[in-house]
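Engineer: So that we are looking at the same thing, I have put the structure below in structure tokens.
The values are calculated or read from the model by the stated rules, or taken from the named source; none is laboratory data. These numbers were taken from a predicted model, which means no experiment stands behind them. We place every Cβ from the backbone using ideal geometry, glycine too, and count neighbours over all the protein chains shown.
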Amino acid sequence: MAKSMQGVKVCDHPLVQHKLTLMRDKDTPTATFRALLREISMLLCYEVTRDLELERVEIETPVAAMTANKVAGKKLVFAPILRAGVGLLDGMLDLVPSARVAHIGLYRDPKTLTAVEYYFKAPSDLAERMIIVIDPMLATAGTAVAAVERLKERGANNIRLVCLVAAPEGVEHFRANHPDVPIWTASVDEKLNDHGYIVPGLGDAGDRLFGTR
Ligand code: PRP
Ligand code: URA
């Protein structure tokens, strides 16, 4: 990780930046886009979990007894925002297979740009776990703000947000509403356009991921 603004960590790892460039290219086909998102999700997962607390446990190797490190506390929760957040889920579960999953169904109304909820299912003990909200795009941030509000209503108090591309307007809006929730991203782009799309961005992440349009 290199660049850092208040509460925002931009992952400048060369592999992340390379893969993101391939994803941005309008000619990248659906299957490749999907594979790249999964690959990047592993690298972002590595970064967002970098400071997880460890505990010391006694084990026996085939050679000797030792005290070794293990991740402490309850299992993580990954919270993909449907649909596009699902594209980041499997890569993260590859790294943290025992994580729990909270599905948050929200879409952005194309006219009003406000978030509309249609599904929510999460573990009941959110208050005792770290929740990592995942969505490739943070544009106006209306969706991410609503998702985090919903998780907080259900008791969550240790939340992080991972996105692939963020708009400066979205970062500001999100941090103003949830200053306790840090953001990990691969890029903070230039701006939003009149339709609320990130510029230069990568287009509609859900459509590119699932081949709808
Ligand atoms: C996209 C994206 C975010 C949201 C970002 O989802 O995956 O959830 O827009 O926009 P915002 O920051 O302005 O709220 P979309 O609503 O297109 O739904 P989808 O994932 O089902 O395609
Ligand atoms: N949602 C997307 O998928 N892309 C954008 O640029 C903005 C919102």
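Engineer: How many residues does region 106-118 hold that are closer than 13 Å to residue 82 by Cα and surrounded by 10 or more Cβ atoms within 10 Å (Cβ to Cβ)?
Structural biologist: Total satisfying the criteria: 6.
Engineer: Turning to a different aspect of this structure: Name every residue in region 149-176 that is away from ligand 1 (no atom under 12 Å from the Cβ) and either at pLDDT below 95 or closer than 19 Å to residue 48 by Cα (or both), in order of residue number.
Structural biologist: Those that are away from ligand 1 (no atom under 12 Å from the Cβ) and either at pLDDT below 95 or closer than 19 Å to residue 48 by Cα (or both): 151, 156, 157, 158, 159, 160, 162, 175.
Engineer: Evaluate the following for residue 144: is it near ligand 1 (Cβ under 10 Å from one of its atoms), of a type in the set (Gly, Ala, Ser) and free of Cβ contacts under 8 Å to residues at least 40 places away in the same chain?
Structural biologist: So residue 144 fails the test.
Engineer: Within region 89-123, restricting attention to residues that are in contact (Cβ under 8 Å) with a residue 12 or more places away in the chain and of a type in the set (S, T, N, Q), which residue is farthest from residue 177 (Cα to Cα)?
Structural biologist: Taking the candidates together, the pick is 98.
Engineer: When you look at residue 9, is it of a type in the set (D, E, K, R), outside any helix (DSSP H, G or I) and closer than 29 Å to residue 177 by Cα, yes or no?
Structural biologist: In short, yes.
Engineer: So which strands (runs of 3 or more DSSP E) are wholly in region 37-114 and hold at least 1 residues that are away from ligand 1 (no atom under 16 Å from the Cβ)?
Structural biologist: 54-60, 65-71, 77-82
Engineer: When region 170-180 is examined, which residues are found to be more than 16 Å from residue 199 (Cβ to Cβ) and touching a residue at least 60 places away in the same chain (Cβ under 8 Å)?
Structural biologist: 175, 179
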